[in-house]
Each structure stands twice: as structure tokens, then as C-alpha cells.
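I have placed the structure first, in the form of C-alpha cells, so that the comments after it can refer back to it.
The values are calculated or read from the model by the stated rules, or taken from the named source; none is laboratory data. What you see is a predicted model; the values in this text were computed from it and never measured. Cβ sites come from the backbone with ideal geometry, for glycine too, and all protein chains shown count toward neighbours. Accessible surface areas use protein heavy atoms only, side chains included; no ligands, DNA or RNA. Shrake-Rupley method; radii C 1.70, N 1.55, O 1.52, S 1.80 Å.
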Amino acid sequence: MSATNSIVTLNVGGHIYTTTRSTLTSYPDSMLGAMFGGDFDALRDDQGRYFIDRDGTVFEHVLNFLRTTQLVLPKDFKKLDLLEIEADFYQIQPLIEAVKAYKARLEQSKKEERWTHDVVLVTFTEEIHSYDDPSLSVNASRPEVDRMVKDLRKKIGLNLCERYLAELLGKLRDNSFTVQSYGVVPPDKKHGLRQIWTLERKVPEDNRSPMNRMRALLKL
């Protein structure tokens, strides 16, 4: 095996990697290209492995880029800023540019994220006869929101007094709903005074799976 294609074992911050010298010298102008191209002596650990005192978890993505020339990251990757720092440290210019392009795409996708609205319509009706209890109807735009409101009503109780109504509206506000409109319908032959609230909250469409909605938007 030629020296340029020999197997190399690295200890990067306590993480062990095995690759070839040709991979590490893919970009001769980089720090790794100089280190393994023979331009300077490299530090070794007590096992004889080349030692680099940098973040070992992020180096996985640095090494994969050297192998493939493509930046492929997990969807839940949380160390993008650190990867950018490491790319700059190793002076791998194509990787630096790839990280910047990746970050730009993420920012653009956040800007383009589509939003929709959950809507709740609350109607409180006073009955004509004093011996009749007032009635409350709640209509929701989606089944999940309807279940949420029912859970709220169970927590508050079934008393249809004005205090209960105020508490229900307060709980909806606590769950990111805001009052978009309020109206009063005068009494007629069948019903007493009716008060109607329309409440909305803004949610990203990507987060509208049932479990995500209930976990992220319900704060009970």
C-alpha cells in the first residue's frame, strides 16, 4: 500500500476514527492536508494514534465530507454552529461554504414555513326565563381543538355562570388563543341575550400532527 493511501487512526478529543491518508489530504491546503501531507509533525497519544484536541463528535461530519464531498446531516442535528467553527479550524474551504449554504437553506425554510389557524367560537346565551340556566356552546375548527376545549371545561367544572365563562376564556388565552372578535346578539322570542367570542391561534402546518399539537400547544 502506498504511503498516500495508508490507513490512519485518529484520536479526536477522545473519539477514535480510522480512515486513509488520501482522505485526510483530499484538500492539500487544509490543516489536515498539511498535517498528513508531511508538512509538520503530528502529536500522538499513548497508543500511537494521531491526536487532535478538538470536538470528536462533530469530526464525524468533517470526515464524512472529506470522503464524499457532500454535507449530509441528521434532521435533528443541533451542533451546526460548532461544525462551522470546526470547519474553519480545519480550514476546509469547501466544507466552510457547504455549512454556510446549509444554514442559509434552514433560514429560508423557516421564512417559508406555512401557517394556519385554529379557531374556537364561544357562544354564551342567557335564557329568557329566570328559572332556566344559561347555555354555552363551543365550536372548534378541528377535532383536536374540540377535545382540548372539552378537557378545559372538565377542569373548570360545569357551572355556567359568568365566572366560569371568564375562566374558560382565560384558559384559551393561556393556550395561545386570542380574541379576534366579540359580538352581542339582542334577545328574541326564543333566547335571551347572546354573547359570541371568536378566538384564534396561529400554528405552523408542519406541527399540526395530533401528538405535536397536543404537546406543543397545550399547556395544561
Residue match in the range 1-8 (condition: more than 30 Å from Glu200 (Cα to Cα), touching a residue at least 24 places away in the same chain (Cβ under 8 Å), surrounded by 12 or more Cβ atoms within 10 Å (Cβ to Cβ) and not basic (Lys, Arg)): yes
Count of the range 20-76 residues which are under 30 Å from Ala104 (Cβ atoms) and among the small types (Gly, Ala, Ser): 5
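Conditions (1) modelled with pLDDT under 75; (2) in a helix (DSSP H, G or I); (3) open to solvent by 70 Å² or more (accessible area, probe 1.4 Å), marked per residue:
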position: His129; (1), (2), (3): yes, no, yes
position: Arg147; (1), (2), (3): no, yes, yes
position: Asp151; (1), (2), (3): no, yes, no
position: Glu167; (1), (2), (3): no, yes, yes
position: Gly183; (1), (2), (3): no, no, no
position: Trp197; (1), (2), (3): no, no, no
position: Lys219; (1), (2), (3): yes, no, yes
Contacts under 6 angstrom Cβ, first residue in the range 112-127 being within 20 Å of Val138 (Cβ to Cβ), partner of a type in the set (Gly, Ala, Ser) and at pLDDT 80 or above, 6 or more apart: Asp118/Ser141; Val119/Ser141; Val120/Ala140; Thr123/Ser137; Glu126/Gly192; Glu127/Gly192
Residue tally, condition under 20 Å from Glu60 (Cβ atoms), out of contact with any helix residue (DSSP H, G or I) (no Cβ under 7 Å at 6 or more places or on another chain) and surrounded by fewer than 18 Cβ atoms within 10 Å (Cβ to Cβ), over the range 35-46: 1
Single residue of the range 15-34 satisfying the filter (open to solvent by less than 50 Å² (accessible area, probe 1.4 Å) and free of Cβ contacts under 8 Å to residues at least 12 places away in the same chain) that is farthest from the chain's Cα centre (by Cα): Ala34
Residues of the range 12-36 that turn out to be outside any strand (DSSP E or B) and at negative phi, as a count: 16
Residue that is least open to solvent (accessible area, probe 1.4 Å), among those in the range 56-80 that are in a loop (DSSP other than H, G, I, E, B) and under 22 Å from Asp29 (Cβ atoms): Leu71
Residue, modelled with the highest pLDDT, within the range 105-127, restricted to residues that are over 17 Å from Gln180 (Cα atoms) and crowded, with 16+ Cβ neighbours inside 10 Å: Thr125
Close pairs from the range 166-186: first free of Cβ contacts under 8 Å to residues at least 12 places away in the same chain, partner part of a strand (DSSP E or B) and open to solvent by 20 Å² or more (accessible area, probe 1.4 Å), Cβ under 7 Å, at least 6 apart: Val185/Arg194; Val185/Ile196
